[in-house]
Amino acid sequence: MNTMKLKDIFLLPKGFYQRITDSRGTLYAGIILVGIKDVVYTLIDAYPRIFAGKAQAALVTNIALAAVLVLLIGLIDVIFFSKPLADLFRNLSEDKGSGRDNLIIRLMKIYIIANLMMIPLEIILATMSRSVGSGSLAVTMQYVAILLFLVELIWFNAIIARGVNAVYKFKFMFNRLVFIVVFVWNYLIFYALGYLIEKGITLVFK
């Protein structure tokens, strides 16, 4: 019972995922929030070059470009994660009756929810990585940051896997493999997206 309650707290109840609809209004808002989450720390690091000391026209242009970059990265992140996996999961599901577009949108929302749940932890990690220090305290902080990153990695993928298993009807054997599939796919997207963000900021902002 306690285990189930902990799962419901940290991974959300299965009933929550089953109530997710294919309405598009919240989807668009979620894509923007994911884009902000993906790009904000890189933009903060690049702030002196992009925004500080710029003439008004250049500043307005760079703000507009930043908004476009946020939207573009959010779209790429959500779509590149969801579309291939939605097709795979639907083919492996025992229920072939659900509409393809319906399932893709619901998977997108599960991915968005998992991203939003990571924001407090990512703020802590970003604060720790930017804190100045030396000596044994700094070393301890580095180990704590690594541990928190591993926690985030497992937690993030576990949330998505639980949501997928709640929405799709798989045979028992594949239920256990969903986490591995999601983990590997997210690992690939993480590095590809990081490279894309760095290159995008270098090319877009002068």
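Rolling a 1.4 Å probe over the protein chains gives Glu198 an accessible area of about 110 Å². Across the chain, the volume of the C-alpha convex hull divided among the residues equals 138 Å³ per residue.
Taking a cut-off of 24 Å, what percent of all Cα-Cα pairs in the stretch 110-206 are separated by more than that? Result for the distance tail: 40 percent. Ligands, DNA and RNA aside, Thr61 has an accessible area near 70 Å² when probed at 1.4 Å. Look at where the Cα atoms of the stretch 131-206 and of the stretch 1-65 average out, and the two centres are 15 Å apart.
What the Cα convex hull of the stretch 1-108 gives, in volume per residue, is 140 Å³. Listed by chain and number, the lysines whose C-alpha is less than 23 Å from the C-alpha of Lys199, apart from same-chain residues fewer than 8 away, are Lys37, Lys54. One decimal place: the segment Ile79-Leu153 gains 24.7 nm when fully extended, by the rule 0.36 nm per residue minus the C-alpha distance. Averaged per residue, the chain has 59 square angstrom of accessible surface, using a 1.4 angstrom probe with ligands and nucleic acids left out.
Between Lys14 and Ile119, what length comes free when the chain is fully extended (0.36 nm per residue of separation minus the Cα-Cα distance, one decimal in nm)?
Additional length available on full extension: 35.7 nm.
Using a probe radius of 1.4 angstrom, the carbon and sulfur fraction of the accessible surface of the chain is 71%.
The values are calculated or read from the model by the stated rules, or taken from the named source; none is laboratory data. Values in this document were obtained by computation on a predicted structure and should not be read as measured data. Keep in mind that these areas ignore ligands, DNA and RNA; they rest on the heavy atoms of the full protein, side chains included. Shrake-Rupley method; radii C 1.70, N 1.55, O 1.52, S 1.80 Å.
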